[in-house]
Amino acid sequence: MKIADMDYLLAHDSQTDWEMPADFDYWTALAEVRTLGSELSAICGHPLKLDDQVQDASFFADWAAYESAPRPSPGVPSGAIHTIICIRFSSFGRMFSIWCDSDVFPIAADTRDRLIGYLAERDFVFVPDSLLDQPYHRPEFARDWQIRFFNYL
């Protein structure tokens, strides 16, 4: 499996290009990610929806499944629709992350491993939460590596 380490993150960091590197081919990358949906859905066991309308971010698309109705959530009086699974694609280094905020539908370890393996076979590089949670070396820009490579800026 292709799993990023800190050296990989540092090698793909740019001090001038925040949303995407200068050589990022958005249309080719998006076309490739669009082809992954059926297999990713099959691996997850959930029908995934593609969000390809991303702007002002360090990622360009994600495939995700959501709970069907809002549930209570701290600080949200009307409740929130929780994410069952999200596979997010960074604009940098062919990196991807996998996350979930549903306590009802946690991601099984074997599902995560199968997703990582499937995407690694297609030359994507998985970035584990343990790296994403590390502080980013320019805190005036981003708190952590998750924001640097996988969030809205």
Query raised in the report: Given the range 83-153, what helices (runs of 4 or more DSSP H) lie entirely inside it while holding 2 or more residues that are of a type in the set (Lys, Arg) and farther than 16 Å from Ser58 by Cα?
Result: 109-120
Query raised in the report: Within the range 14-31, restricting attention to residues that are assigned to a helix (DSSP H, G or I) and either of a type in the set (A, V, I, L, M, F, W, C) or in contact (Cβ under 8 Å) with a residue 24 or more places away in the chain (or both), which residue is surrounded by the most Cβ atoms within 10 Å (Cβ to Cβ)?
Result: Ala29
Query raised in the report: List, please: which pairs have Cβ atoms under 8 Å, are six or more places apart or on different chains, and start with a residue in the range 59-70 that is in contact (Cβ under 8 Å) with a residue 60 or more places away in the chain and end with one that is assigned to a strand (DSSP E or B) and crowded, with 21+ Cβ neighbours inside 10 Å?
Result: Phe59/Arg88; Phe59/Phe89; Phe59/Ser90
Report summary line: Of the residues in the range 32-48, those that are loosely packed, with under 13 Cβ neighbours inside 10 Å and without any contact (Cβ under 8 Å) to a residue 40 or more places away in the chain come to Arg34, Thr35, Ser38, Pro47
Requested in this report: With respect to Ala11, determine if the residue is more than 20 Å from Ile85 (Cβ to Cβ), in contact (Cβ under 8 Å) with a residue 12 or more places away in the chain and exposed (fewer than 13 other Cβ atoms within 10 Å of the Cβ).
Outcome: yes
Report summary line: Condition set assigned to a strand (DSSP E or B) and under 13 Å from the mean Cα position of the chain (by Cα), scope the range 33-60, selection farthest from Arg114 (Cα to Cα): answer is Ala57
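This table checks each residue for (1) buried (at least 16 other Cβ atoms within 10 Å of the Cβ); (2) more than 14 Å from the chain's Cα centre (by Cα).
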| site | (1), (2) |
| --- | --- |
| Asp62 | yes, no |
| Ile85 | yes, no |
| Trp99 | yes, no |
| Phe105 | yes, yes |
| Val127 | yes, no |
| Pro139 | no, yes |
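Throughout, read-outs are computed from the coordinates displayed, never taken from laboratory work. What you are looking at is a predicted structure, and each value in this text was computed from that prediction instead of being measured. Note that each Cβ is placed from the backbone with ideal geometry, even for glycine, and that neighbours are counted across all protein chains shown.
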